[in-house]
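Engineer: If you scroll down you'll find the structure; I have some questions about it.
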Amino acid sequence: MYTFTTHSPAETEALAKQVGGKLRAGDCIAFFGGLGAGKTTFTRGLAAGLGLPDLVSSPTFALVNEYHAEGCISVYHFDMYRVTSPDALESTGFWDYPAEDSVFVIEWAENIAEMLPQSCIRIQIDGNGDQPRTVTVEGDERFADLGC
Ligand SMILES: Nc1ncnc2c1ncn2[C@@H]1O[C@H](COP(=O)(O)OP(=O)(O)OP(=O)(O)O)[C@@H](O)[C@H]1O
Ligand SMILES: [Mg+2]
């Protein structure tokens, strides 16, 4: 488990970009953290780290946003704010997206905690408003040497 503090959205994005640079196809990122913690901001950095252009917006209304670019691993970005049952999860198409060939990013992972793929990289973001954020990354040794 690795813990970082960020003092601005730009710092959160920079940290996320480093995480994104270490991701590979088949990875799943599960975000935990309250309203406005910075999950979408972090996702923007992750996508940048994967080389994807600046397309990231909150998927709250779409439930899932897809990011694709030539030569990059695709990202499927889910918002589970309103998804709390296995049926609701299935109806987002969650199980139909190509998990092995892409990176999944899940906001409001707490809502589908029991249904999360086992191997998810868990990222907890604490803090809101203009407060600094505490970012905890739970995953393998790939994330040991992140700086910020
Ligand atoms: N250190 C920080 N890191 C990230 N965001 C910050 C930070 N400080 C302030 N903010 C602000 O907090 C907000 C985070 O919004 P963001 O949409 O990324 O959160 P979210 O967790 O995705 O929210 P939601 O729960 O609505 O999905 C932004 O307005 C951002 O400018
Ligand atoms: Mg969001």
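Engineer: Being free of Cβ contacts under 8 Å to residues at least 40 places away in the same chain and of a type in the set (A, V, I, L, M) narrows it down to one residue among 25, 37, 47, 30; which is it?
Structural biologist: 47
Engineer: Related question: Looking at this structure, is residue 144 modelled with pLDDT under 95 and of a type in the set (A, V, I, L, M)?
Structural biologist: In short, yes.
Engineer: Does residue 45 satisfy being within 16 Å of ligand 1 (Cβ to nearest atom) and under 14 Å from residue 146 (Cα atoms)?
Structural biologist: yes
Engineer: Next up: If you take the residues of the range 15-42 that are of a type in the set (A, V, I, L, M) and touching a Leu at 6+ places or on another chain (Cβ under 9 Å), which of them is farthest from residue 101 (Cα to Cα)?
Structural biologist: Checking each candidate, the answer is 15.
Engineer: Might you check whether a residue that is charged (D, E, K, R), more than 10 Å from ligand 1 (Cβ to nearest atom) and open to solvent by 40 Å² or more (accessible area, probe 1.4 Å) occurs anywhere in the range 26-34?
Structural biologist: Checked against the condition, which is being charged (D, E, K, R), more than 10 Å from ligand 1 (Cβ to nearest atom) and open to solvent by 40 Å² or more (accessible area, probe 1.4 Å), the range 26-34 yields no hits at all.
Engineer: Filter the range 114-146 for residues that are open to solvent by less than 70 Å² (accessible area, probe 1.4 Å) and more than 16 Å from ligand 1 (Cβ to nearest atom) and give the result.
Structural biologist: 115, 116, 117, 120, 121, 139, 140, 142, 143, 144 - these are the residues of the range 114-146 that are open to solvent by less than 70 Å² (accessible area, probe 1.4 Å) and more than 16 Å from ligand 1 (Cβ to nearest atom).
Engineer: Among the strands (runs of 3 or more DSSP E) lying completely within the range 1-77, list those that include at least 2 residues that are touching a helix residue (DSSP H, G or I) at 6+ places or on another chain (Cβ under 6 Å) and within 14 Å of ligand 2 (Cβ to nearest atom).
Structural biologist: Hits in the range 1-77: 28-32.
Engineer: What residue, of 107, 114, 141, is among the acidic types (Asp, Glu), more than 14 Å from the chain's Cα centre (by Cα) and under 22 Å from residue 5 (Cβ atoms)?
Structural biologist: After ruling out the rest, the residue left standing is 141.
Engineer: Could you list, in sequence order, all residues of the range 84-97 that are surrounded by 11 or more Cβ atoms within 10 Å (Cβ to Cβ) and over 13 Å from residue 117 (Cβ atoms)?
Structural biologist: Passing the criteria: 84, 85, 86, 88, 90, 91, 92, 93.
The values are calculated or read from the model by the stated rules, or taken from the named source; none is laboratory data. Here the structure is a predicted model, which means the values were calculated and not measured. Neighbour counts run over all protein chains shown; Cβ positions are idealised from the backbone, glycine included. Side chains are part of the model used for accessible areas, which takes the heavy atoms of the whole protein and leaves out ligands, DNA and RNA. Shrake-Rupley method; radii C 1.70, N 1.55, O 1.52, S 1.80 Å.
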